[in-house]
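Below is one structure, written out as structure tokens; comments come after it.
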Amino acid sequence: MMTFEPQVTGNDGSEGVRGFAERVRAILHRIANPSLTQLALRLGLAVPFWRSGVNKWDGFLQLNDVAVLLFSSEFMLHLPGGPYAYPAPGTVAFAAGVAEILLPVLLVLGLATRLAGLGLLAMTIVIQLTVPDGWPIHLTWAAMALAIIAYGAGRISLDAIIARRFMPKS
């Protein structure tokens, strides 16, 4: 003999609301999959820095004159100690040019992602100090860098492949 037990549900309709909310959450999770979101953040942050970096070079390890001029005249930080307390503008331009090429490549590959995000966050802070009117875009870059630092590269990255291959499973 078969017996059927009635399902106990709240009279307030909370089960229906809870079920609906769970279905919406599942749909949103598919649309904004965390790994795809992390990839989009990495690409979104890499592009403006890559483009800026490419514009600084005339050839292999050869900065163009405009890059050096910008770092010697317009991108001056007015820090304690005066201009002679810090590296020469050519040295700073070279370091920034290398970082603007290397760090975006690391982000796109998802390799040393959190460190690359930290480097671009530091560059964003310096850029904000030298070009304060650009704060809306700088805030966007900082938010992307902070998210990358906080959540890492995601599954679509060399970091994830290395972790799966070489890190012991707990």
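Brief remarks on what is shown
- Extending 7 Å from the Cα toward the beta-carbon at both Ile149 and Lys169 defines two label points whose distance is 3.4 nm.
- For Ala112, residues with placed amide H under 5 Å, excluding near neighbours: Asp159
- With a Förster radius of 25 Å applied to the beta-carbon distance between Arg51 and Leu111, the computed FRET efficiency rounds to 0.80.
- For the pair Ile125 and Val98, the difference between a 0.36 nm per residue extended length and the Cα-Cα distance amounts to 8.0 nm.
- Length added when fully stretched, Val66-Arg25, from 0.36 nm per residue minus Cα-Cα: 9.8 nm
- The stretch 35-166: C-alpha pair distances exceeding 18 Å, %: 56
Each reported figure results from applying straightforward, stated rules to the coordinates on display, with no laboratory input. The shown structure was predicted, so the numbers you read here are calculated from the model rather than taken from an experiment. Every residue, glycine among them, receives a Cβ derived from its backbone with ideal geometry; neighbour counts consider all protein chains shown.
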